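The values are calculated or read from the model by the stated rules, or taken from the named source; none is laboratory data. The shown structure was predicted, so the numbers you read here are calculated from the model rather than taken from an experiment. Note: ideal-geometry Cβ built from the backbone for every residue, glycine included; neighbour counts use all protein chains shown.
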């Protein structure tokens, strides 16, 4: 289920503008692969954010989805001519790859996050999962040639991971409500039947081609096992296999004897009557920047409204945007709008010194794709700064004017870069209504200032997960639907909940974002020559990323502002209006 999602995105959301430091890499295993076999034995797998084809006996893998960077869980059409898969992030939804035309197109419509595509054996329909009513995930079906779609289920809780029998008459799926998980079968012309139920997580049901049994994954306190329900009368439940580091994507049956699945980052093949599995070897070459000259893209960050004079920030604890720990007792000297030095604490005769005690100092937070509604105006700027957001990329009709005003001292706000002029590759967009800590975030002072009173959309059937080794994530909050400012902090929480360490999540809104925009090392770090954008936080965000919202003051464009002063500006402006 969605635990597979960010294993592929971990390497997919790369720093597109830092490719010069990367080189082609050949890999022979993945973090969490999902694999599916076509009728002729070719294998499709998700790896490094793309869909790859592996020959029947293993060997050189071929990438077929180079236009997207977040594809996962491929599923072959019955005739082997197309592959359906899910993409996450900016281009979320179900997509189809067509071998004949070598093209991809999005099968989903609108902003719905659809997932778990399953082909009907006819080859004309795909059953999938979607939360289009805001009441839980239901099963839907789309007629591929016409695009017509209809809902197949409407139960309390979630219905996910559909799978059709080979004759197209019977459908099996997972139902989850509260702490109860069930495998449910819907036979043509008969009432639905619960085959398996309990509090263990159940996932990935898959039909044996002869229709005699259904395999599924069971996650319990003792580990993950591959179980099966034999469709005899009475039904029989049996443990089939355990002891491997399984990925719980559905088992793919080539025929009634041979099955494929993933374990330990490898493709595994197993004969039904065998006591062990064998590896199907593959090698996949990850090309840093295919078909173009590999050169770093460097862009000049506009210098607007920078002040004269110097200020000094004495930081008892400074996270400079690099590494994984604080530097202690350092002074950050800012001339105009840029950092001149970062050095050990010393006397600065005649300078304006801000000593903020034990507050943690961070680089200003960057959102590479934020949602600013058309009604955003000058008074929005201080509110966004109060959340620690110092740079935003967004589409807004008045972006140039707002950037000029927000770069000044009277109504300060984040640096606003028009999305059309500052294109980037993929970004996170992971937060939804299930993000841990979202309720507390929406009750913060900043959230109340922003005034969000909408409904947070549920976009994933289960919380996503990331390999904690991923270091190239880029934070963009637009997909989560929350207003700018709060949306970034929701993303930080979602990234940590998915498996990143707090400093890695902060890096997604720091050095990684700067590199994606092509302005590294100007943004995203506290270092000589970087912009004078700092966030002063009353907490320890390297231990608890939720503390990043506890902003006491910010330095934007080399000017110091307390959050209380920012709020006073907004209140005064609103009183005048």
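Details
- Residue among 475, 506, 492 that alone is modelled with pLDDT of 90 or more, closer than 27 Å to residue 112 by Cβ and assigned to a helix (DSSP H, G or I): 492
- Matching residues, segment 553-577, being touching a residue at least 24 places away in the same chain (Cβ under 8 Å) and in a helix (DSSP H, G or I): 563, 566, 567, 569, 570, 573, 574
- Lone unmet requirement of (1) closer than 24 Å to residue 39 by Cβ; (2) free of Cβ contacts under 8 Å to residues at least 60 places away in the same chain; (3) in a strand (DSSP E or B) for residue 267: (2)
- Residues in segment 223-256 that are free of Cβ contacts under 8 Å to residues at least 24 places away in the same chain and over 24 Å from residue 184 (Cα atoms): 243, 245.
- Residue match in segment 399-413 (condition: within 26 Å of the chain's Cα centre (by Cα) and in contact (Cβ under 8 Å) with a residue 60 or more places away in the chain): no
- When we screen 508, 494, 514 for residues that are in contact with a strand residue (DSSP E or B) (Cβ under 7 Å, 6 or more places away or on another chain) and either within 20 Å of residue 417 (Cβ to Cβ) or crowded, with 24+ Cβ neighbours inside 10 Å (or both), the only hit is 514.
- Restricting 226, 171, 213 to residues that are over 26 Å from residue 142 (Cα atoms) and buried (at least 22 other Cβ atoms within 10 Å of the Cβ) narrows the list to 226.
- With a requirement of 3 or more residues that are under 24 Å from residue 209 (Cβ atoms), outside the structural domain of residue 463 (by TED's automatic domain parsing) and in contact (Cβ under 8 Å) with a residue 60 or more places away in the chain, the strands (runs of 3 or more DSSP E) lying completely within segment 109-199 that satisfy it span 158-164.
- When segment 526-575 is filtered for residues that are surrounded by fewer than 16 Cβ atoms within 10 Å (Cβ to Cβ) and within 28 Å of the chain's Cα centre (by Cα), the ones remaining, listed by number, are 538, 543, 544.
- If the condition is being in a helix (DSSP H, G or I) and closer than 19 Å to residue 406 by Cβ, then segment 515-533 contributes only 517.
- Extreme residue, farthest from the chain's Cα centre (by Cα), among residues of segment 120-129 that are surrounded by fewer than 22 Cβ atoms within 10 Å (Cβ to Cβ) and closer than 19 Å to residue 174 by Cβ: 120
- Condition broken by residue 39, with the remaining ones in (1) within 22 Å of residue 167 (Cα to Cα); (2) surrounded by 16 or more Cβ atoms within 10 Å (Cβ to Cβ) satisfied: (2)
- Filter result for residue 104 (assigned by TED's automatic domain parsing to the domain that holds residue 209, outside any loop (DSSP other than H, G, I, E, B) and within 24 Å of residue 482 (Cβ to Cβ)): no
- Test for residue 178: is it within 27 Å of the chain's Cα centre (by Cα), surrounded by 22 or more Cβ atoms within 10 Å (Cβ to Cβ) and at positive phi: no
- Among the candidates 333, 405, 383, the residue that is within 21 Å of residue 521 (Cβ to Cβ) and either surrounded by fewer than 21 Cβ atoms within 10 Å (Cβ to Cβ) or at pLDDT 90 or above (or both) is uniquely 333.
- Some residue of segment 188-205 being modelled with pLDDT under 95, within 19 Å of residue 119 (Cβ to Cβ) and surrounded by fewer than 18 Cβ atoms within 10 Å (Cβ to Cβ): yes
- Selection within segment 436-456 - part of a loop (DSSP other than H, G, I, E, B), within 22 Å of residue 392 (Cα to Cα) and in contact (Cβ under 8 Å) with a residue 60 or more places away in the chain: 444
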